[in-house]
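Heads up, the thing below is written out as structure tokens.
Please treat every number below as a calculation from the coordinates, not as lab data. These numbers come from a predicted model, not from an experiment. When we count neighbours, we look across all protein chains shown, and the Cβ atoms used for this are built from the backbone with ideal geometry, even at glycine.
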Amino acid sequence: MSDLQLSRICKSYGSLEVIKGVDLDIKSGEFVVFVGPSGCGKSTLLRMIAGLEEITSGDLTIDGERMNDVDPSKRGIAMVFQSYALYPHMTVRENMGFALRFAGVAKAEIERRVGEAAKILELDPLLDRKPKQLSGGQRQRVAIGRAIVRHPKIFLFDEPLSNLDAELRVHMRIEIARLHKTLAATIVYVTHDQVEAMTLADKIVVMRGGVVEQVGSPLELYDDPANLFVAGFIGSPKMNFLKGVVEPGEGGQPCVCLPDHADAKIPVQLKAAAPGTPVIIGIRPEHFNETGAATLDVAIDMLEHLGGETFAYARHGKGDLVVIETKSGRGLKSGDRIAARFDPASALVFDVNGRRLR
Amino acid sequence: MTNGIGRAAGGLLTYGFLGLMAFLSVFPFFWMALGATNSSIDIIKGRVLPGAALATNVSTFFTQVNAPLVFWNSAKIAILSTVLTLAVSSLAGYGFEIFRSRHRERLYRAMLLTLMIPFAALMIPLFIMMGKAGLINTHIAVVLPTIGSAFVVFYFRQCTKAFPSELRDAAKVDGLKEWQIFLFIYVPVMRSTYAAAFIIVFMTAWNNYLWPLIVLQSNDTKTITLVISSLASAYYPDYGVVMVGTILATLPTLAVFFFMQRQFVQGMLGSVK
């Protein structure tokens, strides 16, 4: 277990800056997940921690020791790659013990560590097979085993579940969570799948364009996003965004008028926005209910019945599409007009630049 | 009905064409084998049936030719050329693909341009160079010009594109230096590519004729291709003996090909699975 600190970390390829001054503190034993859209720099940042990409400026420290120029194998990290990166000409046993062999670890100790990791990951019967004789899930377990045997201070995972099918992904997600609990390891994990991020992370780092947008626990990010991007990125289906204008409401409480929704008035708690200010209201699909005080009159375009719940894709006239999650949507059909209700307190307000207004 | 006739006619044409091509490919070998059993006169007369002169032809060949020395010379040159070419060219191909630099592509294109230069244009400068280095009439003089093969570098670079960069990353995290990655990861992973290149380079080196003809001047340094050529260009060439020599000269390349054909096909298709 180990502390990892990134301080003003930058990465440039010529004049193109891809990581722009990232500051981050990762405590010993934490499971930290980097999420963000493709090209946001999350994998590059992970590779910089691993030592596979040079750090243009800033400091990377592990347990207080500056690691910028330290060889990847001497940073005390182990990495699990998206494509597993198993050596195809070696057996599972050889793959797992390869790094130790190169580090000059005694043969008996290699055998012991490989055996130990194989036991944790239930790989014992597969030790003498070659990677091509394994399924995707088994290969992924070998890749994790290869990391475990090194007893690293920090585990780095680069989208490790992306190549697996949906069922196996869920299974491996649980395996990784169990592993984190068993080893009490510090883990830095990159994914673009926010379900993985929400279920695995102690702390999520949301990135966009080489910048950290917000850092926090999964529920902090879900309940209290700092901006429109984080609000839209965390949560599935994504949050609905409706354009509106701040107006003075009853009893001095401001409200947001939604011109695309027949001038519906949504009372909001705002200290900083003056009447007339254009804003964006954010409502999560799951926050629609049957008792909320605010109402949107919409017509259903399309329905998705998932069994337990239904997603209704609806709009008012030619306004923005609104996604509504409902538990009682089996009787609905396309073209139905409904009053979509929600609690105004659950609505979030953003300015036109995407900053959260409180 | 019309469709059926059309399809049959198309099939006939296709198989007819393929049969002709197969005949053109196989007939020289067939004729070579038949020729080895016939006397020179029968061959000149165009006899294409097995004859009874095989024993005489074989015996004459081994009387006229110091076969062990000639085959040893050919084998030495072919193996040395192949091993050195693969070592140098695979390193170059790997380097061109893996390492980035400002002038990489320019240098690579310049190297590929050398493929356009005919060997005839290089013969005299090469001969002068070898002469100045005191290497005329040595096997090193035959091997040296073959080592830096632009084609093999090109082939390895193309195949290296399929070498997963994550394997290299994993090896770095495992503590391997660049040369160790090449030796312990790249070479074994790309073994099909090496096998395919081995066959191509070995056959080229074994069949090399023009350059050895120029630099190898004494009988004790000559290769099998030169000896067969000298048999065929005698005042009264014994074609039966020439055919025996040709068959014997073909055997090593056939053996190499059959031994490595599975790897060869994999290498041609792309070696990383």
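Across chain B, the mean sequence separation of Cα contacts (distance under 8 Å, 6 or more residues apart), normalised by length, yields a relative contact order of 30 percent. Relative to the longest principal axis of the Cα atoms of chain A, helix A:92-102 runs at roughly 70 degrees. Hey, what angle do you get for helix B:150-160 against the long axis of chain B, alpha-carbon based, 0 to 90 degrees rounded to 10? In chain B, helix B:150-160 runs at an angle near 50 degrees to the longest axis.
Can you put A:Asp224, B:Asp174, B:Asp42, B:Asp220 in order, fewest other beta carbons within 10 Å first? Please report the intermediate quantities before stating the final value.
Working: A:Asp224 14, B:Asp174 26, B:Asp42 19, B:Asp220 10.
Listed from fewest to most nearby Cβ atoms, that is B:Asp220, A:Asp224, B:Asp42, B:Asp174.
What shape does region B:1-124 take by its C-alpha gyration tensor, where a ≥ b ≥ c are the square roots of the eigenvalues and a/c under 1.5 counts as rounded, a/b above b/c as prolate, and the rest as oblate? Cα axes put region B:1-124 in the oblate bin.
Within 10 Å of each residue's Cβ, count the other Cβ atoms and sort A:Lys271, B:Lys172 from fewest upward.
Details: A:Lys271 7, B:Lys172 20.
Least to most surrounded, the residues fall as A:Lys271, B:Lys172.
Could you list, in their original order, any pairs among A:Lys153/A:Lys181; A:Lys130/A:Lys181; A:Lys203/B:Lys172; A:Lys42/A:Lys74; A:Lys11/A:Lys153 whose Cα atoms are separated by more than 18 Å? Too far apart for the 18 Å limit: A:Lys130/A:Lys181; A:Lys203/B:Lys172; A:Lys42/A:Lys74; A:Lys11/A:Lys153. Annotation for region A:245-330: GluC sites (Glu not before Pro) lying in DSSP loop with at most 16 further Cβ atoms inside 10 Å of their Cβ are A:Glu290, A:Glu309. The helix-only estimate of mean residue ellipticity at 222 nm for chain A, built from DSSP H runs of length n ≥ 4 each weighted as -39500 (n - 2.57), is -7000 deg cm²/dmol after division by the residue total. Taking a ≥ b ≥ c as the square roots of the eigenvalues of the Cα gyration tensor, an a/c ratio of 1.5 or more together with a/b larger than b/c marks region B:47-178 as prolate.
Given q = 0.08 Å⁻¹, what are the Debye log10 I(q)/I(0) values for the protein assembly as shown, with equal point scatterers placed on the Cα positions and solvent ignored? Scattering profile of the protein assembly as shown, log10 relative to I(0): -0.83.
Could you please rank B:Ser25, B:Ser40, placing first whichever residue has the fewest other Cβ atoms within 10 Å of its Cβ?
With the fewest neighbours first, B:Ser25, B:Ser40 line up as B:Ser25, B:Ser40.
Entry note, chain B: the mean residue ellipticity at 222 nm calculated from DSSP H runs of n ≥ 4, each adding -39500 (n - 2.57), is -24000 deg cm²/dmol after division by the residues and rounding to the nearest 500. Backbone geometry of region A:279-291 corresponds, through the Karplus equation with coefficients 6.51, -1.76 and 1.60 at θ = phi - 60°, to 3J(HN,Hα) couplings of 9, 10, 9, x, 10, 6, x, 7, 8, 6, 8, 9, 10 Hz, x marking Gly and Pro. By its C-alpha gyration tensor, with a ≥ b ≥ c as the square roots of the eigenvalues, how is region B:59-268 shaped: rounded for a/c under 1.5, else prolate for a/b larger than b/c, else oblate? Taking the square roots of the gyration eigenvalues as a ≥ b ≥ c, region B:59-268 is prolate. Karplus-derived 3J(HN,Hα) values for region A:258-264, using 6.51 cos²θ - 1.76 cosθ + 1.60 with θ = phi - 60°, are 9, x, 7, 10, 6, 6, 4 Hz; glycine and proline are entered as x.
Entry note, chain A: relative contact order of 15 percent, from Cα contacts under 8 Å with a spacing of 6+ residues. Taking every C-alpha pair closer than 8 Å and separated by at least 6 residues, the mean separation divided by the residue count of region B:26-141 gives a relative contact order of 16 percent.
Along region B:15-20 the Karplus relation, 6.51 cos²θ - 1.76 cosθ + 1.60 evaluated at θ = phi - 60°, assigns HN-Hα couplings of 5, x, 5, 5, x, 4 Hz to successive residues, with x for each Gly and Pro.
Across peptide A:68-76, the mean count of Cβ atoms from other chains lying within 10 Å of each residue's own Cβ comes to 2.
Taking Cβ atoms as reference points and 11 Å as the exclusive limit, the residues near A:Lys327 contribute a net charge of -3, counting Lys and Arg as +1 and Asp and Glu as -1.
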